[in-house]
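Note sheet for the following structure.
Just so it is clear, none of the values below were taken in a lab; they were calculated from the coordinates. Model, not experiment: these values are computed from the prediction. Reconstructed Cβ throughout: ideal geometry from the backbone, glycine too, with neighbour counts over all protein chains shown.
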Amino acid sequence: MKRIVVLGLAFTAGMALVAPPAGAESGLGWAATWATSVQEPHVLVSPVLAVEGFDNDTVRQVVRVSAGGPAVRVRLSNAHSGTALKVGGATVAVAAEGAALRRDTVRHLTFGGKRTVVVPAGGEIVTDLVLLPVAPLQRLSVTLYFPTKTGKVTGHTFADATSYHAVGDHRADVAAGAFGETTQSFYYVSGVEVVDLSPRRNVVVAFGDSITEGAGSTPDADNRYPDELAERLRGRVPVVNAGIGGNRVLNDSPCFGDRAVDRFARDALGQPDVRTVILLEGINDIGFSEIDFECAVPNPRVTAADVIAGYRQLIRQAHAKGVRVVGGTLMPYKGSDYYRPQGESVRDEVNAWIRTSGEFDGVADFDRAVVSPTDPDALDPAYDSGDHLHPNDAGHRAMANAVDLASL
């Protein structure tokens, strides 16, 4: 059982701000505005920093929020570590260019009123409220200082966003000079939340694999389909990204995170103020069963009935919490490394069920949005990033446009 520690009770204008349970009517509380799904690092896919950890190091991570608010707080996760994590200090600020910060926006984060904290092994922690007004689609920098050895890092491997590393304590540096090393992963940061004044739940969680995560889009450009959907909504509804590259519905992976039926409660239903989940996952269950790959073990052959049974588990979990689920059709993948005709038959059967079963609360037909006009099994070349599996920026935009906003 993972432990969640909420530190501090903040007051503003004479009113207490506390975190309501996910799935409860919020009133005055918190809403997720940015998130990433955490996973255990693996030497085959993760950067050295994640595998070996930090020691007297500072990491600066840039995230783009979807909705704004008058104050924020940050979630840190140590879920995939067997040792406690010491955080020697942390800041949040409006991002400038690269690793630089806007000077007048730097705020020290506190934990129960203190600037340092120890996150239990397997645990998660939430900072105190910090008065930093943020606008919809604004880029923030979260900077963490680790004074002692951390061991392997809970984080997110394929972020498609640049994180910056410096030796020593540079948490409050406004200039970028000390941050001489970069990676494309997130470390320990799992969420950013804003004060929520809405009388109802509004957050949309895009849940899935590498396509939801943003593979194929331009790094640091915030062109992933959940980003594009957030732009369509213009901050009226927060959209957070719960994609993990290589993730599957039915089987865990040593490289690509817990299976969807297990991580759904944490990564989707655990988001503050979640109202709707857009589910796009299953193509790796189909494709990995056709190849021999260490990161895909176990890789049993799956049927459409197997994938649908997994979807039904997710739908039941969501409905038990009063959360809607929009089913995303599986996109074409002919020409990709793991495409096989038998897998294509499974994809077709799964998509037919998504469209016609009525078991989802809505359907986002991503398949039809990006399919080739001349080959129903292939991506439209205009939307293909080049690997015949992941969409490019235009493809991610087409996916976002395929989501019926009324279904959210």
Next on the checklist: How would D104, D384, D306, D337 line up from fewest to most surrounding beta-carbon atoms within 10 angstrom?
Outcome noted: D104, D337, D306, D384
Checklist outcome for this item: With 0.36 nm assigned to each residue of separation and the Cα-Cα distance removed, V118 to V130 gains 2.4 nm
Checklist entry - Stokes-Einstein D for the range 4-191 at 37 °C, 0.692 mPa s, Kirkwood Rh over Cα pairs, in µm²/s? => result 198 µm²/s
Checklist entry - Long-range amide H contacts for G29: which residues qualify at under 5 Å (H placed 1.01 Å from N, peptide plane, sequence gap of 5 or more or a different chain)? => result D196
Item to check | Spherically averaged projected area in nm², based on the convex hull that wraps the Cα atoms of the range 126-225 | outcome: 8.5 nm²
Checklist outcome for this item: Ranked output for segments 165-176, 236-247 by mean other Cβ atoms within 10 Å, highest leading, reads 236-247, 165-176
Checklist outcome for this item: Ranked from fewest to most other Cβ atoms within 10 Å of their own Cβ, M399, M331 fall in the order M331, M399
Item to check | Kirkwood-Stokes translational diffusion coefficient of the chain, alpha-carbon pairs, 4 °C, 1.567 mPa s, µm²/s | outcome: 61 µm²/s
Checklist entry - What net charge is computed for the residues neighbouring D262, neighbours being all others with C-beta under 11 Å from the C-beta of D262, Lys and Arg scored +1, Asp and Glu -1? => result +1
Next on the checklist: If you filter the range 205-295 for chymotrypsin sites (Phe, Trp or Tyr not before Pro), then keep DSSP loop positions with at most 16 other Cβ within 10 Å, what is left?
Outcome noted: F293
Next on the checklist: What distance in nm lies between label points placed 7 Å from Cα along the C-beta direction at D104 and T356?
Outcome noted: 6.1 nm
Checklist outcome for this item: Taking D348, D285 and counting other beta carbon atoms within 10 angstrom, the fewest-first order is D348, D285
Checklist entry - All other residues with a Cβ under 9 Å from the Cβ of Y339 taken together, and with Lys, Arg as +1 and Asp, Glu as -1, what is their net charge? => result -2
Checklist entry - Anyone know which of H80, H42, H319 comes out most mobile in the 10 Å Cα GNM of the chain? => result H319
Checklist entry - How would you rank 133-146, 59-72, highest first, on the average number of other Cβ atoms within 10 Å across their residues? => result 59-72, 133-146
Next on the checklist: Tell me the mean residue ellipticity at 222 nm calculated for the chain from its helices only (DSSP H runs of n ≥ 4, each -39500 (n - 2.57), averaged over every residue, nearest 500).
Outcome noted: -5500 deg cm²/dmol
Next on the checklist: For the chain, give me the percentage of DSSP beta bridges that are antiparallel, rounded to the nearest 5 percent.
Outcome noted: 70 percent
